Amino acid sequence: MAFIDGCLSGDLELVSKHMKKRRRKQQLGSDKIAIDINQPVLENHLPLFLACQGQTKAHAGIVRHLIKKGAKTRDSKTGRLGLHRACACDSVEVVREWLGLMPNQIAAQSFDGSTPLSIAAQSGSKECLGVLIKNGADPDVRTVNKSTALYLACCTNNLDIVDILLVRGRACPLIDNQDGETPLFRAATDGNMPIVQRLLDIPLPSACIEATVHSAAGQTALVTAARYGHVEIVQALLEAGADMDHGDSQGRTALYAASQEGHANVVQLLLNNKCDLEPHVENGSSPLMVSAQGGHLKTFELLISSGADLNVVDASNRSLFEICCIGGDYGVLCSLIKHGGVEKRWKIPVYLMRNFKKSSDVGRLQRIQMALRHKTAQKEIHEHLRMCAASIEEANLQCAAASEMANRCELYAEMAKTGAGVGLPTEEQEK
């Protein structure tokens, strides 16, 4: 523990006191245990790598002492040097000491291709980056995924590192990685306006602004910025000369991408710059169609007001009216009808029936249960009405019999008043 504390705190006396001598074996069981500096001591880290994490001159002195005593400078698992660790931890004193001892390792690569410069760029170590550039490190070396340090800095959205690489390192912003992505494309995708503006201020050539990325279906920086709704970046790219009608591998332009995602502010900006309303897309769809299918009402109405064709038909021979029905947005369908959209082929019920058949099982079971309950209730109502009708008929018969009996009683009462004996009822009849 004392040895580890010495490496972490920069105490050279603690480190040297417990180091194992080259000609002496480790003495186990004694009061002092000698440490082998080429064996991991904490979390599988070598003593040299622990010392490289420090940021003081004392830590740099320990690094120099360990290297002179024969300590391993490279991790056998990752292939990284202690110099990589120092750059990751912004240990500028250690970086200076290391380069003074072994200047030829300034461009050493690990197993994944990382260089000290790329590690410093990714970690945001500005001072270490400056020292490496001053000592001749090449910022245009392709490292992880064939990416340059400038691209990696754009991935971390660190404007200060980008500025150091461009100004002091004179990094080339035109180099792409193995996927074809340039630093401008990465910054535009992430929506980092300051980095995009810094790159455009160089200025960049038209070939870089219009560069396509094969891993992203041939999108340009403008198309990806429009797809993610970065309106400020779209404006900056247009001012830099980006072609707003340049489509990807399938012909999808910036207007198409913004309409598909429903970014009305980007669509309005592109429409103000007189972009093509009907780009040629492989599947025959248009920006108006994809906005209708996505249910983006505001974008849909912007395109219609700008003169988009309502009679467009895609490669599957589907009209705009059918696309609105498939999208299922009531507001978009009403807007289409309001602007004069009609359907003459009467294919919409087919699609509506398909959507009905694709309804969830839960909804179907609920409809069946409701139908059964309705049928049972109807049977109960009919039975109750039948019983009520029978009761009414029986009551009518009883009323008729009572009326007849009342008439006879009235007749007998009249005969009793006159004293007439003829036709008098017998005793049993009177009862």
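If you go through the range 162-184, how many residues are outside any loop (DSSP other than H, G, I, E, B) and either of a type in the set (S, T, N, Q) or loosely packed, with under 15 Cβ neighbours inside 10 Å (or both)?
Final tally of qualifying residues: 1.
Has the range 166-189 got any residue that is among the β-branched types (V, I, T), touching a strand residue (DSSP E or B) at 6+ places or on another chain (Cβ under 7 Å) and in contact (Cβ under 8 Å) with a residue 12 or more places away in the chain?
Looking for residues that are among the β-branched types (V, I, T), touching a strand residue (DSSP E or B) at 6+ places or on another chain (Cβ under 7 Å) and in contact (Cβ under 8 Å) with a residue 12 or more places away in the chain, one finds none in the range 166-189, hence no.
Does at least one position in the range 84-95 carry a residue that is touching a residue at least 24 places away in the same chain (Cβ under 8 Å) and in contact with a Phe, Trp or Tyr (Cβ under 7 Å, 6 or more places away or on another chain)?
Checked against the condition, which is being touching a residue at least 24 places away in the same chain (Cβ under 8 Å) and in contact with a Phe, Trp or Tyr (Cβ under 7 Å, 6 or more places away or on another chain), the range 84-95 yields at least one hit.
Among the residues of the range 204-248, write down those that are in a loop (DSSP other than H, G, I, E, B), within 20 Å of L174 (Cβ to Cβ) and touching a residue at least 40 places away in the same chain (Cβ under 8 Å).
Within the range 204-248, just A240 meets the criteria.
For the range 112-129, which positions are in contact with a Ser or Thr (Cβ under 6 Å, 6 or more places away or on another chain) and part of a loop (DSSP other than H, G, I, E, B)?
G113, S114, T115
With respect to Q109, is the statement that it is without any contact (Cβ under 8 Å) to a residue 60 or more places away in the chain and touching a helix residue (DSSP H, G or I) at 6+ places or on another chain (Cβ under 8 Å) true?
Here the answer is no, as Q109 does not meet what is asked.
Do we find that Q219 is modelled with pLDDT under 95, surrounded by 24 or more Cβ atoms within 10 Å (Cβ to Cβ) and in contact with an Asp or Glu (Cβ under 7 Å, 6 or more places away or on another chain) in this structure?
So Q219 fits the description; yes.
Can you spot a residue in the range 67-84 that is out of contact with any strand residue (DSSP E or B) (no Cβ under 6 Å at 6 or more places or on another chain), assigned to a helix (DSSP H, G or I) and of a type in the set (G, A, S)?
Yes, the range 67-84 contains at least one residue that is out of contact with any strand residue (DSSP E or B) (no Cβ under 6 Å at 6 or more places or on another chain), assigned to a helix (DSSP H, G or I) and of a type in the set (G, A, S).
When the range 37-52 is examined, which residues are found to be more than 15 Å from M1 (Cβ to Cβ) and exposed (fewer than 13 other Cβ atoms within 10 Å of the Cβ)?
Selection gives Q39, N44.
Just name the residue that is farthest from E239 (Cα to Cα) out of those in the range 272-300 that are among the polar types (S, T, N, Q) and assigned to a loop (DSSP other than H, G, I, E, B).
N283
Which of (1) modelled with pLDDT under 85; (2) surrounded by 14 or more Cβ atoms within 10 Å (Cβ to Cβ) does L81 not meet, given it meets every other one?
With respect to (1) modelled with pLDDT under 85; (2) surrounded by 14 or more Cβ atoms within 10 Å (Cβ to Cβ), L81 is out only on (1).
So, in the range 311-339, of the ones that are part of a loop (DSSP other than H, G, I, E, B) and of a type outside the set (D, E), which residue ends up nearest to the chain's Cα centre (by Cα)?
G328
How many residues does the range 132-161 hold that are among the basic types (K, R) and assigned to a loop (DSSP other than H, G, I, E, B)?
Number of matching residues: 1.
In this structure, is S286 out of contact with any helix residue (DSSP H, G or I) (no Cβ under 7 Å at 6 or more places or on another chain), within 17 Å of V332 (Cβ to Cβ) and at pLDDT 90 or above?
So S286 fits the description; yes.
The values are calculated or read from the model by the stated rules, or taken from the named source; none is laboratory data. Note that the coordinates shown come from a computational prediction; the quantities given were computed from them, not determined experimentally. Quick reminder, even Gly has a Cβ in these numbers, built from the backbone with ideal geometry, and neighbours come from all protein chains shown.
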